[in-house]
Structures are given as C-alpha cells and as structure tokens.
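*Asks:* Here it is, the structure in full.
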Amino acid sequence: HEFLRTKLYDAGYSPLRADPCVMVSTRPNSAGKYSYVAIHVDDMLHCGADQEVVDSFTARMKDFCELSSQHERSISYLGLNIEYDPDRKVLRVDQRGYAQALLDRSGIDDTALKKVPTAPSSAELMKEEDDAELHTENEQKDYRSLVMGIMFLARLTRPDLLFTTTVLATHCSHPTLKNMREVYRVLRYIKGTVNYGLTMRGKMEIQPVIFADASHALHPSGHGHGGILITLGTAPILTRSFKISMATRSSAESELVCLDEAAAYAVWLRLLLYELQAFKKDVPTVTVYQDNKSTIEMAKQPYYNFKRSKHLLVRENYVKEKLHTGDIQIIYMPTEEMLADILTKPVSG
C-alpha cells in the first residue's frame, strides 16, 4: 500500500481523510472536474474526468503495475458488475457472477437449490438448540468459508442477506449442524435471487440519509441487535448489522446505542462528501430516521430522565452534540417504513 500510495502521490493524487484508500487528483481538469482512485488491497479502480485524464494515468502507471482499461458502459471490479445507462442516468451494481460461483462451490446439489425460500432466514435462526457441532475441521472450515463468502456479497450489494449472515458469523468458532442448515437456506435463497443488486438513479437529488434501527434483547444472551442503512437518495451505499455489545434495559436504550453509531457515521459521511466535492456549497445536514419516539426525546431534550439513562451518558451526549452542531437532524419514521428494519431481525417471507 505504501508503494502504491507513493506512486499515486507522484502522479498528483492525495488520500482522503475520510478514507485513505480513496485518492483524489490534486488539480481538476480544464472543465473543473476531478478524478479518483479507489484502492482495495492490490487492486485499484481509476475513474477519470475525461479520456485524456485516463490515458495519462494509464501511461504513468503501466510501468510498474498491470492495468486493465474498461471504457464500456458495463465494467467488472472485485466481483462487482457495474452498469451505467447515460441516457437514463441509472447506475446498477450487482454480483450475479460472484453469487453463481459461490453456489457452484457450495457443494449443494441442484435438487436442493430448486427449493428456494422467500426469505434468507426465519425466526428459527435466533433459537438456541442443543445440536451437535460440526465434526471435522474440514466441515468447520467449509462453514466459515461459506459464511464469509456470503458476507462479501451481503456487505457490498445484498443488504437483505446481512442480518442473517451477521448472526451466522457469530457461530464461526463452534458451528453446529443447525447453523449449517441455516447457511444452506441462505444459499437456496440466493439461488432464487441471484440477479438482485442495487440501482442508483442519477436524476434524483443527492441527499445524505441514515436509517437507524434496533431490536431489543433479540439474542439469547439478552443483547440487542442494531442496523444502520445509509443512502444518498436512492440505493444503499453502506449497511451495517451488528450485535449490540452492551446489555440494555429497554428498547429505547437499544435504539439510543444505534443512534449513537448513526451519528458517528453521519460525521464521517459529511467529511467524505465534502472531500469528494459532491456539493457546490456546504454539505447538508444528514437526516437520521428513527422509529422510537422515546429515543428521539432522550436525544433532543437537555436532561431527559437522567437517573434512568446516566449509564448511557456518553452516547446520549454525543448525539446531542451532533444535533447542536447541525451535523444531524433526527426525524421520526414509523416502523412499517423503516428501511433498516431488515438489518435487525429475521425477515418473514
């Protein structure tokens, strides 16, 4: 990474503070547009402002690395299929090739794959059962490999898989036969939805929005589960599904933990959009949608029920500070409309 970054420095690119693996040209082209380089381990994606910029970058970099130029409306990168329709200004991203390859190496026969469920998991996912652990090291290795393979899919283009995969990942150290059955269910669901992906519409105004939600005491240990979904007006650009690390005493407290995470992401998102020069003027306040009115009151009121929430003081005060500075605004959204709900509990199908 240091070697590559040095070469990009010499080519006139500097890293973003929001993400050091994204580098932007220090000077715009004649039309005032910038170009960008996204780095992922030993792969990089260069997006040029025009063909002259692309050609210049290619000529400079080809002396020390192997480059592949893609000028079509459809390109491939890290297992992503990226298709752009300039007439409709629609960008579609999916991983259908990667998903099919994952199914091919899963070892599931075609008969099993024909039984496609309508959801990646059911309520049975969260039930603890006295079930036998996978016997051999190879079986455990296969389990971890499949879960991490699905996780790559879920984190990039398939948020509908993320909650289930996150729960299955918590069993990677001691997977059971039940856990493996749940993995097979996810694979069968992928079989029926292999072409699913994200669609971003360029004609819509860019508006940073975060949906923050949580399920209280969902896990057998009593811990809740949180979900965060970030969009710029259309499809998700980032999703998180996570087991809440602390034990909370009410659904409002679980939601507050998730709201604190959302506030931190909002600060990061505003910095990222500023450095990418996504707006001609100031980056707008990030709207955070939340479906618990008690949590919103805890965040907005100067001293809300201190005796009951003092153990969450740091998280609560951080959210209050970001409201005060204008980084975020919190708006109530009914649970039925909460997009992050699919990241916090099994989705019925």
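*Asks:* How long is the chain along each principal axis, judged by its Cα atoms, biggest number first, in Å?
*Replies:* Largest to smallest, the principal-axis extents are 62, 59, 39 Å.
*Asks:* Going from the alpha-carbon gyration tensor of region 42-198, what semi-axes, largest first and in whole Å, does one get by taking the root of 5 times each eigenvalue?
*Replies:* In descending order the semi-axes read 38, 18, 13 Å.
*Asks:* So how exposed is residue 279, as accessible area in Å² (1.4 Å probe, rounded to 10)?
*Replies:* Roll a 1.4 Å probe over it and residue 279 shows about 50 Å².
*Asks:* 7 Å from Cα along Cα→Cβ at both residue 271 and residue 132: what's the point-to-point distance in nm?
*Replies:* In this crude label model, residue 271 to residue 132 measures out at 5.1 nm.
*Asks:* Net charge near residue 67, counting Lys/Arg +1 and Asp/Glu -1 over other residues with Cβ under 13 Å of its Cβ?
*Replies:* Taking every other residue near residue 67 into account, the sum is -2.
*Asks:* If you don't mind, there's one more thing I want to ask. Kindly report the accessible area of the chain per residue (heavy atoms of protein chains, probe 1.4 Å, no ligands, DNA or RNA), in Å².
*Replies:* Dividing the accessible area of the chain by its residue count gives 54 Å².
*Asks:* Okay, moving on. Any idea how far the Cα center of region 239-278 sits from the one of region 167-196, in Å?
*Replies:* 26
*Asks:* For region 175-252, take every pair of Cα atoms, bin their distances at 10 Å starting from 0, and report each bin as a whole percent.
*Replies:* 16, 26, 36, 20, 3
*Asks:* Of all accessible surface on the chain at a 1.4 Å probe, what whole percent is carbon and sulfur?
*Replies:* C and S atoms contribute 51 percent here.
*Asks:* Still on this model: Show 131, 55, 291, 282 ordered by accessible area, largest first, where the area counts protein heavy atoms only and the probe is 1.4 Å.
*Replies:* Correct descending sequence by accessible area is 282, 55, 131, 291.
*Asks:* Ok, one more. Which longest uninterrupted range of the chain lacks any trypsin sites (Lys or Arg not before Pro) assigned by DSSP to a loop state (not H, G, I, E or B) and surrounded by at most 12 other Cβ atoms within 10 Å?
*Replies:* 204-279
*Asks:* Past the 12 angstrom mark, what percentage of all C-alpha to C-alpha distances in region 24-72 do you count?
*Replies:* So the pairs more than 12 Å apart make up 65 percent of the total in region 24-72.
*Asks:* Once you charge only the Cβ atoms, +1 for Lys and Arg and -1 for Asp and Glu, what is the size of the charge dipole of the chain about its Cα centre, to the nearest 20 debye?
*Replies:* 700
*Asks:* Not counting the cut sites, what is the longest span of the chain without GluC sites (Glu not before Pro) that DSSP labels loop and that have at most 15 other Cβ atoms within 10 Å?
*Replies:* 206-349
*Asks:* Still on this model: In whole percent, what relative contact order does region 27-152 give with Cα contacts below 8 Å and a gap of six or more residues?
*Replies:* Averaging sequence separation for qualifying contacts and normalising by length gives 10 percent for region 27-152.
*Asks:* So what's the net charge close to residue 220: Lys and Arg +1, Asp and Glu -1, counting the other residues with Cβ under 12 Å from its Cβ?
*Replies:* Overall, the nearby charge balance is 0.
The values are calculated or read from the model by the stated rules, or taken from the named source; none is laboratory data. In this text, all values refer to a predicted model and were calculated from it rather than measured experimentally. No Cβ is skipped: glycine too gets one built from the backbone with ideal geometry, and neighbour counts run over all protein chains shown. The protein model used for the area step is the full one, side chains on, heavy atoms only, and it has no ligands, DNA or RNA in it. Shrake-Rupley method; radii C 1.70, N 1.55, O 1.52, S 1.80 Å.
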